[in-house]
Every structure is written in structure tokens, then in C-alpha cells.
Amino acid sequence: MIPFGIDLGTTNSALAYFHKGEVKICKHPISLRDTLPSVIAFRKGKIIVGDKAREYILQSPDSVISSFKRKMGTTESWKPEDWEESLSPIQLSAFVLQELKTFVQNGAKLDAAVITIPASFDTIQSNATKEAGFRAGFSEVRLLQEPIAASLAYANQDHAGDFEEGQWLVYDLGGGTFDVALVKIQDGEMRIVDHEGDNFLGGDDFNQAIVEKLVVPEMEKKGKFKSLKKEMKSASGKYNALYLKLLRLAEDAKHELSTESNSEIEFSFEDDKGKELQLSVEIKREEFEELIEKKIKQTLTLTRRILKRNQIKAADLKFVLMVGGSTYIPYVREQVAKKLKVEVNTQADPTTVVAVGAAFYGASLNVSAKKKAEDQPGDIQLKVKMAYEKASKEKEEYFIARFEDEIEGLFYRIQRMDGGFDTGLVKLEAQIQVDLPLVEGVYNEFNLQVFDAQNNPIITDAETIGISQGKYAVVGQPLPNDICIEIDDVENNTTILEVIFEKNTILPAKKTIVKQISRTISKGSSERLTINILEGPSSALPATTQPIGFISISGEDLNRDLVRGSDVEISLEISESRDLSINTYLMMTDQEYEDQFNPTERRVNLPRLVEELYALAEKIRSEIAEAESQSNFETAQELVDMEFELLELADNAKEMSEDDITDNKYQIEDQKRKLAQKVDELTREKQVIRVKNEYFESKRFMEFIFMAYPPKEEDEETYKKIISEEKSVLATNSSIKIRELISKVRKHNWKVRWKHPRFIREFFKDLAAGNYGGFTHPHQANELIREGNHAMQNNHDEKLRSCINRLCELLPADQKKQVKFGGTGLS
């Protein structure tokens, strides 16, 4: 198993250890604190992590780095004064993980762990977290979403009697992120039904609000400043060190306001004129609550979204489990209880419950074969693979083991360590199956031993079999976003998304799809087929989603032409820790390409971000004009509000310096993407109406063809089958699905006409007369026209069809309707 669970938090981190059915928090070896501040100081060539580093913020803020989790998966870096190299969020997180190793005082080796992540972390952020674990020296890292960890800990720590069946919400508001998840227990199994989150919403925002909304205005009243906020947030700014110090003081004030009615921030500073000033800012709890009101409303909006989507009322929930350090704030607890009208459950320790759950989860996992091989002694005589549930609500647990080596003349024996069960000596077979009886409510341990005919023990690699009876295990982890592939929308000269794994798909997952090549790619050419995988709503435009990775296949890689319409088999596999493997097989060329996507960074260029915001605002303005021209004033007003929000984001981005130390540009980029998706959703209705009209037009044309070219009975039946999908497809309001139906009608339309002798004669005459344009090789075309005329005179329909096909190949590229907009090459 993997006995260690780590909550790698924005503000604090924690380590828990599973041993014989119980989980204990590993404490700091000196202070005996349960948590480690995720703060790092660099002093005289030394790395200091934790409480001492946090103290240095007041003395030397330039040498201290914190809140780097909010920038996990980005290209941001920090360069401490006396440090040789710049440090990424990955490396800084690795320092925290290395420090947590010192918390292990029981002789165990922390070389594999389950590390928790926010449920809303995307694939890039997840990969970056795994990389931090590997850089810390772990040989194996598994990821677990924080709401799952919290639920697992709560359910397995003396609270099982609270719910045998039922559902509840996990409200996880930490230092940097927010998650809300709907959790359900049914038939003894726990699973996450749905979740929402925001990676830029947490206690750090509250600290920032205290400084910028309460402290800075008082400073500006007392001193003379030209651009105080900008100089504070710029890494090279005059007041950057003061800003970092004030954030720390604001955090202390925030903590004090959880128990007191007011708090005070006292400090000295120098204004632009060089004047030394002293300031004391009193903060009342009511002021603080007013500051954070908007952010708490955002968390409740996300929570209601889950309830609405799953058609759940307050009465259907047992409670809301409060998790994360920011849920200590009384206002947060009050608002959640008041607005949701659900009991707030504060029995779990918000700061350690996630680490505890991670340890429970790790105990249910098997370490990888590679790690197991590294840990085994060199004198193993017999290898065994075992499978069983490590947490069970049953009274008996099914156990299976397979032996890979020679077993002739050997015997096995399984004993429960308390002496209550013993199989006795049983002849060993290549596969054994045993029902292991469990003592209720305890951790049951069994030994599997193998003996030869003389009852001498055989050394195996079988570890102790450990099963926690009465404990819950989680049924997989849900995918936070759709995983999609980008394909060509040939008729509209653009690309669209097709979902591969839907949001909330339980991981791990596998899927194989077959797509068609949308344009011919010639051997040796520079044309490319692109298998592009993205993360985000499948209904959105590709540009508004997050790229994960792509496989690009050039004509130079091909051993023969890849003809339009040929099949591509694409197999995708995604692990619980979000490793995405992809295998692409080109059936026509018998070539295979594979890759594993593990991106750990995303880039945000500030000037380009401003351009994108203004471009989106311009698009919205044209949509507003169209909505108003159609008297759709409700939609127009929503679009106006979005335009205002975008322009406000653009102004904020323009005011930021290139070396801004906050994560504001990532927040703005995130909000831009969400707004683009909203615009797409809002204007999608007109697109759907257009596509529906297109469908009915293709249907009318099909019925006209039936009148002009009477079909065979089987063609009529096929058409009836196609249009039988009409009601369900149109009800989806999905332009993609409606286009698929249009394509079926059009293909059948062509098939019916192609079978009819009169049509092929008319079509041939149009081709020969040049009604479809000239031919690229006139001499060849004239020969084919002569052949076609001869075939027509002798009623050789098949030969005439062959002439038509070859003539079509001689048409100019634009007439053959080949895709020329630089798409992916898939359809």
C-alpha cells in the first residue's frame, strides 16, 4: 500500500500516516504542530520551510515566498536575492514536500505518497503537482481530489453511524482555492456525484482585499503616492516588500477576527517624498465581512449550480461538511447555513481532514510493479500477484492470488493474525481464491505463506494482507472537465470539439474512437494531420478551452498517401492521477503513433491577453447589434453586461506591470475563457436555429429526389430509419448532433441518386459540358468524356459511373470541396 497522505496546501500542508487501520497526523518534530506553513525563506544560502520562514516575512519579505500553489502549472518563477537560479511553483512545492519528510518519526520511509489537489485543478496543474512529488524524491505519486479525501476521512473516523445511506456536500474553502462536491453513499460505496470549483478563490483573496481596500486608502490619506498599488504589486516596485509584509499582517488580522470583534494592523512606511510615517488601521469584523461578501456569494453560486444540475433540494442533504482553513471564519459558516438551509457540519478538523483522507485512500492502493520490485529483497523464490478490497463493509472479503513461477508440489496457508481463521495447508494452484472472514470494526491482518512438500517455507514477495472492516473506500475519482478532440467542421470551414471523456466520468477510463480523414494528405508533403486533445466544455469553441497535447503527423512521415475518407483509430486512456496516453493508428498506411501527455506549464502573455480581451469585446458588440436588430433585448442586455466585464478586465490587465507578483493575470485569463464560453452559449441558439433550418432544407430536398428519382424499397426504409432520430436529435439543441443527422440525410440523398440511371446520365452531361468548371488535365478529360458517351450509348451504367469518378478527380481543388482552412484533418 501507499501509507502516506499529503495535503499540499496553499497556506499550510499536512502529512498523515496509515497503520493497521488507523490514521495518525505526523507532527512537526520540534513544535509538534499538525501542519507546516507552505512558506519558504532563503537566508545565507539556506532553505528554510515552515513557521520560521513565515516569521521572516516581517523581517525580510524579499527573501520569503508563499502562496505558490495558486501558480501551479504556470511559467511563473521567483529569484531570491542570494539564490543562483529562478524557482518554479513545482520546485517550491518540492521543498515543502521534502520538509514534510522530517515529520516522519516512526522509522517508516516516505518515498511514495498520495498528494491531494483541488477537484477543479486542470490536467496541467495536476501534472505539475505530480512533478513536484517526483522532484521531492518520491518514487511514486498518486493524486486525490480534496473533497474526496475530506469525505473519506470523515466517514472513516468514528462517524460511520451518521450515514449508512445518503448524500452530503463538501464545502472546501482553503487558502487559495474553493471546491464544492456532492458525495453519496449507496450500497456501502462512496462516490463523488458532481463537483464545481474555482482555483482562484480563497483566504489569500481575503488578505489581499484587506490590504487593498482598507489599508491602502488609509496610507494614501496620510502620505503622498503616485501609483501605490502598482508599485506594491510589481516585483521591482518601491513598495513591494511592504506589500508582502502587509499581506502577512492582514492574514493575522483575519485570524483574529474569527474570534474577536475587531483587529488592528500597525506598521511604519515611507511615502514618495521620503517622509517616514506610522499608521494604525483598525478593522471591524463587520467591515471584513462586507469585504468578503462577494467572494462568499460566488462559492454559494457554484454550490447551487450543483444542486440545480442534480435536481437536489436542501431536504435531500444530510449536511454540508466544512473543510479548509477559511471555513473557520464565522461569517462563512453563517452564510452557508443561512443561504443553503442545510445543517453545517464542523466536526472534522478543517486543516488536517484532507491529509487523513489521503492516507486512507493510499492504504487502498497497490504500489506500482516498478516500486514493488525496487523494495523487494534479492532472494525472492516465488512471485505472487494479489487482489482484494483493502476497505470493506462486508463480513467476508473475496481474495484472489496468482503465482507466476513453478508451483509443482507446493502448498499454501492463509492465517488471520488473531488466530481466528486458518485455511490449513492447501495444494497450491496457479490461481487461488479464498473468502476471508473479517472481524467487524477492526483492521484484519492475514499472512499468506507457501511451503514445499517437506513443510519448508518458500520465500515469496507476498506482503501482509490488510483489510479494514467497516471502513469506506471511494469508487474512483470524477473527471473535472470534458476531455475533447478537435475535428473539422468541413461545411463551415472551422473546427469543433467532440467529447471523448465527459465531465464526471469516473477515472480511470479508456475509449477508442474511429474518425475519418477530412482531406487527402500526400506522402512527402508538408500537410499535417493533427490529433489535438483539449480540456473544457465540449459545446465550447476550441479556442476557449485548455490544450493538453497533440500528435502531429506530417506527409513526410507517411509511407503512402492518406486518402480522404480513410479511417483513423484513436485510443485514449486516462489514469486516476490524470496521466493521458494516446495511440493513433492509420489504417490505410498501417502506421502507429503514441504519446503520453504530461504538460506542466501554461503561459499567459500579458499584452496578448489584453488584445484577446478587446477582440472578444469587439465580437460581443457585433452580437449585440444583431440581437437588437431582431428585438432580442434580453440577450442584448446580457451581452452588454459581458462586454462591460471584459473591458473592466482589459483595463485591469493594462494597469498590471510585466513583473506583477500576484496571480491576477491568471485569474483574468481564466475569467476571459469563461466569458467566451458564456458568449458562445448565449449566441448558440441562433446557430442551432440556422442548423435546424438547414436540416429541414436537406429533408425537403431528399423528398424532392424521391419524386424525381423513385427509390428502391430498401432505400425508403433506410431513410425512414434516419429521420426516426429527428425528434431526439433536434431536442438536444446541439448543432454538432444536428449536423451529423444532416450528413446522414445528404449521404443517403447522394446514394439514391447515384443508383438511378437517369441521374448519372444527367450528371455526366453536366460534367462534360463544363458546368462544374474546367479540368486540370483537359486531354485526359476528353478521353474520359468519349468513353462516357460510348458507355451511355451502350447502357453500361457501371462504366459510366467509373468515368464520372475519374472526371471528378480532374476537377480543380475548390470544386472537389477539399478542406483548405488549415483544420486538423479529422472529421
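The values are calculated or read from the model by the stated rules, or taken from the named source; none is laboratory data. On a predicted model such as this, the values are computed, not experimentally measured, just so you know. When we count neighbours, we look across all protein chains shown, and the Cβ atoms used for this are built from the backbone with ideal geometry, even at glycine. When the accessible area is computed, the model is the full protein with side chains, heavy atoms only, and any ligands, DNA or RNA have been set aside. Shrake-Rupley method; radii C 1.70, N 1.55, O 1.52, S 1.80 Å.
Pairs linking a residue in region 421-435 that is within 15 Å of Asn447 (Cα to Cα) and open to solvent by 50 Å² or more (accessible area, probe 1.4 Å) to a residue that is of a type in the set (S, T, N, Q) and not in a loop (DSSP other than H, G, I, E, B), with Cβ atoms under 6 Å and 6 or more positions apart or on different chains, are Asp422/Gln415. Among strands (runs of 3 or more DSSP E) entirely within region 449-543, having at least 2 residues that are in contact with a Ser or Thr (Cβ under 9 Å, 6 or more places away or on another chain), among the β-branched types (Val, Ile, Thr) and in contact (Cβ under 8 Å) with a residue 12 or more places away in the chain singles out 483-489, 494-501, 509-516, 528-535.
The number of residues in region 550-575 that are surrounded by fewer than 17 Cβ atoms within 10 Å (Cβ to Cβ), within 26 Å of the chain's Cα centre (by Cα) and either in a helix (DSSP H, G or I) or in contact (Cβ under 8 Å) with a residue 40 or more places away in the chain (or both) comes to 4. Within region 1-23, the set of residues being at pLDDT 95 or above and either surrounded by fewer than 16 Cβ atoms within 10 Å (Cβ to Cβ) or of a type in the set (A, V, I, L, M) (or both) comprises Ile6, Leu8, Ala14, Leu15, Ala16. Would you pick out the residues in region 214-235 that are within 18 Å of Ala653 (Cβ to Cβ) and part of a loop (DSSP other than H, G, I, E, B)? Scanning region 214-235 gives Ser227, Ala235.
Can you find a residue in region 95-107 that is in contact with a helix residue (DSSP H, G or I) (Cβ under 8 Å, 6 or more places away or on another chain) and not hydrophobic (A, V, I, L, M, F, W, C)? The answer is no, given that none of the residues of region 95-107 is in contact with a helix residue (DSSP H, G or I) (Cβ under 8 Å, 6 or more places away or on another chain) and not hydrophobic (A, V, I, L, M, F, W, C). Summed over region 265-288, residues that are surrounded by 12 or more Cβ atoms within 10 Å (Cβ to Cβ) and without any contact (Cβ under 8 Å) to a residue 60 or more places away in the chain total 11.
With respect to the conditions (1) under 30 Å from Gln91 (Cα atoms); (2) open to solvent by 50 Å² or more (accessible area, probe 1.4 Å); (3) not small (Gly, Ala, Ser), Arg578 lacks only one, and its number is (2).
Within region 61-78, the residues that satisfy the criterion of being hydroxyl-bearing (Ser, Thr, Tyr) and either open to solvent by 20 Å² or more (accessible area, probe 1.4 Å) or assigned to a loop (DSSP other than H, G, I, E, B) (or both) are Ser66, Ser67, Thr75, Ser77. Scanning region 319-335 for residues that are under 17 Å from Gln347 (Cβ atoms) and small (Gly, Ala, Ser) yields Gly324, Gly325. For region 527-537, taking the residues that are under 13 Å from the mean Cα position of the chain (by Cα) and surrounded by 21 or more Cβ atoms within 10 Å (Cβ to Cβ), the one that is nearest to Arg564 (Cα to Cα) is identified as Ile533. Please work out if Gly409 is outside any strand (DSSP E or B) and at pLDDT 90 or above. Against the criterion (outside any strand (DSSP E or B) and at pLDDT 90 or above), Gly409 qualifies.
Within region 613-663, the residues that satisfy the criterion of being closer than 30 Å to Leu247 by Cβ, open to solvent by less than 80 Å² (accessible area, probe 1.4 Å) and assigned to a helix (DSSP H, G or I) are Leu613, Glu645, Leu646, Leu647, Leu649, Ala650, Asp651, Asn652, Ala653. Consider region 487-526 and keep the residues that are open to solvent by 30 Å² or more (accessible area, probe 1.4 Å) and among the charged types (D, E, K, R). The one that is farthest from Glu740 (Cα to Cα) is Lys523. State whether the residues of region 213-231 include one that is of a type outside the set (Lys, Arg), touching a helix residue (DSSP H, G or I) at 6+ places or on another chain (Cβ under 7 Å), more than 20 Å from Arg248 (Cβ to Cβ) and open to solvent by less than 10 Å² (accessible area, probe 1.4 Å). Looking for residues that are of a type outside the set (Lys, Arg), touching a helix residue (DSSP H, G or I) at 6+ places or on another chain (Cβ under 7 Å), more than 20 Å from Arg248 (Cβ to Cβ) and open to solvent by less than 10 Å² (accessible area, probe 1.4 Å), one finds none in region 213-231, hence no. For region 554-572, the set of residues classified as of a type outside the set (Ser, Thr, Tyr) and farther than 14 Å from Ile531 by Cβ consists of Gly555, Glu556, Leu558, Asn559, Arg560, Asp561, Val563, Arg564, Gly565, listed by residue number. Against the test of being touching a residue at least 60 places away in the same chain (Cβ under 8 Å), touching a Pro at 6+ places or on another chain (Cβ under 6 Å), more than 21 Å from Thr177 (Cβ to Cβ) and assigned to a strand (DSSP E or B), the options Phe18, Phe42 yield a single qualifying residue, Phe18. When region 315-336 is filtered for residues that are more than 30 Å from Glu287 (Cα to Cα) and either under 25 Å from the mean Cα position of the chain (by Cα) or in a helix (DSSP H, G or I) (or both), the ones remaining, listed by number, are Ala315, Asp316. Of all residues in region 97-116, one or more are of a type in the set (S, T, N, Q) and crowded, with 18+ Cβ neighbours inside 10 Å. Evaluation of Leu767 against the conditions (1) modelled with pLDDT of 80 or more; (2) open to solvent by 40 Å² or more (accessible area, probe 1.4 Å) shows that the sole unmet condition is (2).
In the set Glu717, Glu783, only one residue is among the acidic types (Asp, Glu), open to solvent by less than 80 Å² (accessible area, probe 1.4 Å) and at pLDDT 90 or above; that residue is Glu783. Checking every residue in region 196-218 against the condition of being over 24 Å from Lys295 (Cα atoms) and modelled with pLDDT under 95 gives zero matches. Hey, could you check region 390-405 for residues that are outside any strand (DSSP E or B) and closer than 21 Å to Thr460 by Cβ and say which is most open to solvent (accessible area, probe 1.4 Å)? Here the residue is Glu404. Whether a residue is outside any loop (DSSP other than H, G, I, E, B) and either touching a helix residue (DSSP H, G or I) at 6+ places or on another chain (Cβ under 7 Å) or without any contact (Cβ under 8 Å) to a residue 40 or more places away in the chain (or both) was assessed, and Leu58 passes this test.
Once region 348-363 is narrowed to residues that are in a loop (DSSP other than H, G, I, E, B) and either closer than 14 Å to Tyr472 by Cβ or touching a strand residue (DSSP E or B) at 6+ places or on another chain (Cβ under 8 Å) (or both), the residue that is most open to solvent (accessible area, probe 1.4 Å) is Thr351. When each of Leu291, Leu246 is tested for being under 30 Å from Trp78 (Cα atoms) and open to solvent by less than 30 Å² (accessible area, probe 1.4 Å), the lone residue that passes is Leu246.
Among the numbered conditions (1) at pLDDT 80 or above; (2) within 27 Å of Lys699 (Cβ to Cβ); (3) surrounded by 15 or more Cβ atoms within 10 Å (Cβ to Cβ), the only one that Val819 does not meet is (1). Taken over region 723-736, residues that are in a helix (DSSP H, G or I) and surrounded by fewer than 16 Cβ atoms within 10 Å (Cβ to Cβ) amount to 4.
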